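Just so you know, all these numbers are worked out from the coordinates, no wet-lab data involved. Only a predicted model underlies this, so the values are computations on that prediction, with no experimental measurement involved. Here the Cβ positions follow ideal geometry from the backbone for every residue, glycine too, while neighbour counts run over all protein chains shown.
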Amino acid sequence: MDLKKEYRIKLVSKEFLNSDTCYLGFECPDIANTAVPGQFVNISAGTVFLKRPFGIASTDKEKGIFYIGVKVVGKGTSEISLFGIGTEVDCLGPLGNGFDFEDYDNVILTGGGTGVFPINFAYETLTAAGKNVTVCEGFRNASQVILNKPSYILTTDCGDCGIKGTVIAGLDTIDITDPSKTIVCCVGPIPMMKAVNAWASGKELKCLVSMEQRMACGAGICLCCTVKVKDDGPDGYKNVRCCKDGPVFDGKEVVW
Ligand SMILES: Cc1cc2nc3c(=O)[nH]c(=O)nc-3n(C[C@H](O)[C@H](O)[C@H](O)COP(=O)(O)OP(=O)(O)OC[C@H]3O[C@@H](n4cnc5c(N)ncnc54)[C@H](O)[C@@H]3O)c2cc1C
Ligand code: FES
């Protein structure tokens, strides 16, 4: 484990985005200054034994703060959502590889659920770098919509907000002029990433997906977070570690 990546971080801001999701800012200049989109942190969750992983949602390098969004789904996320300002916890990060969109002029970012947090960080980084960015996000319904911007293509399953349907209905509205210079980056539930990868493949676009396996150590040691990727060996696949070898993978390499 890279001990330089272990920090004591302090909660400095907190807001609720909807009934079960909050947006937290932690002071940690090293993480704020070095994190790249697609990387994550592994944070101690109060009395819960193992740290919990969260994609980095934004950074403020000047103030030395990084942000995460936390949807409450169990004990760990519930305890994190109850942290008060000033709470100090242990944190590993930034972890994982992040998105490599360096060689592309046009980036299509697409996300759903808590995937919109890493997508937000990618959007901020890419727009600051002057890249041509299109964002398409999907939610179940209007009450679930978070971190949305007017320029984003928005879809909802029930159609009470934005385009009715999945993100694929939104992606279909995008005019792709130069596939060789366009990349798709996707973070969301597995069925969504599988569908987006198939959509991108049909348009001959490279598609990066960020897998969110359940994790324990977050540092490549325990092997509990494996992802199956294609391989030339007898099985046709091999297991790699989501936390260390990912979480971002080329969608065409993943065994869906
Ligand atoms: C790389 C990565 C990035 C992530 N980014 C975010 C993020 O930005 N915001 C966010 O809110 N969550 C994110 N998650 C998911 C988050 O880590 C889990 O929701 C959290 O660990 C659950 O902890 P818990 O103690 O509250 O729930 P538990 O009691 O451990 O589990 C409660 C329920 O959540 C499910 N669950 C737990 N972990 C995961 C997971 N990794 N994927 C899908 N379902 C899970 C369990 O199967 C169970 O049904 C990310 C996960 C990974 C691996
Ligand atoms: S969580 Fe331990 S190896 Fe990935």
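I want the local charge near residue 201. Using Cβ-Cβ distances under 15 Å, sum +1 for each Lys or Arg and -1 for each Asp or Glu among the other residues. Before the final figure, lay out each step's value.
Working: positive: 194, 203, 206, 230, 252; negative: 172, 204, 250, 253.
That sum, taken over residues with Cβ under 15 Å, equals +1.
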If only Cα atoms are counted, what is the Rg of segment 160-256, and what is its Dmax, in Å?
-> 15.2, 48
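If you add up the charges near residue 112, with Lys and Arg at +1 and Asp and Glu at -1, over every other residue whose beta carbon is less than 11 angstrom from its beta carbon, what do you get? Could the numbers behind the result be given before it?
Values: positive: 140; negative: 137, 157.
Net of charged neighbours comes to -1.
Can you list which of the GluC sites (Glu not before Pro) found in segment 1-83 are DSSP loop residues with at most 10 other C-beta atoms within 10 Å?
Values: sites: 6, 15, 27, 62, 79; in loops: 62.
Hits after loop and neighbour filter: 62.
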Hey, in the GNM for the chain with a 10 angstrom Cα cutoff, which one of 208, 95, 147 fluctuates hardest?
-> 147
What percent of all Cα-Cα pairs in segment 213-256 falls in each 5 Å bin, counting up from 0?
-> 5, 26, 31, 19, 14, 4
Pull up all non-local amide H partners of residue 87: gap of 5 or more, or a different chain, and H-to-H distance under 5 Å with H placed in the peptide plane.
-> 11
When segment 59-161 is reduced to its Cα atoms, the Kirkwood hydrodynamic radius in Å | 15.8 Å
When N counts the residues of segment 99-210, how does its alpha-carbon radius of gyration compare numerically with 2.2 N^0.38 Å, as a ratio?
-> 0.97
Find how much the distance from residue 237 to residue 60 grows on full extension, using 0.36 nm per residue of separation minus their present alpha carbon separation; answer in nm with one decimal.
-> 59.7 nm
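What is the local net charge at residue 240, summed over the other residues whose Cβ is closer than 11 Å to its Cβ (Lys, Arg +1; Asp, Glu -1)?
Details: positive: 228, 230, 238, 241, 244; negative: 231, 245, 253.
Neighbourhood net charge equals +2.
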What FRET efficiency do you get for residue 148 and residue 50 if R0 is 35 Å and r is their Cβ-Cβ distance, rounded to the nearest 0.05?
-> 0.65
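I'd like the projected area of the chain, averaged over all directions, using the convex hull of its alpha carbons. Report it in nm² with one decimal.
Details: hull surface 55.5 nm².
Averaged projected hull area, Cα only: 13.9 nm².
What FRET efficiency comes out for the pair residue 90/residue 226, r = Cβ-Cβ distance, R0 = 30 Å, nearest 0.05?
For residue 90 and residue 226, the calculated efficiency is 0.75.
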Hey, rough spin-label estimate for residue 8 and residue 176, points 7 angstrom out along Cα→Cβ, what's it come to in nanometres?
-> 5.0 nm
Loop-located GluC sites (Glu not before Pro) in segment 130-228 whose Cβ has at most 12 other Cβ within 10 Å (DSSP) | 204
Given the C-alpha centroids of segment 178-256 and segment 39-83, what is the distance between them in whole angstrom?
-> 23 Å
DSSP beta bridge pairing in the chain, given as percent antiparallel to the nearest 5 | 60 percent
Under a cut-off of 18 Å between alpha-carbon atoms, report the lysines in cross-link reach of residue 203, not counting same-chain residues fewer than 8 places apart.
-> 181, 194, 252
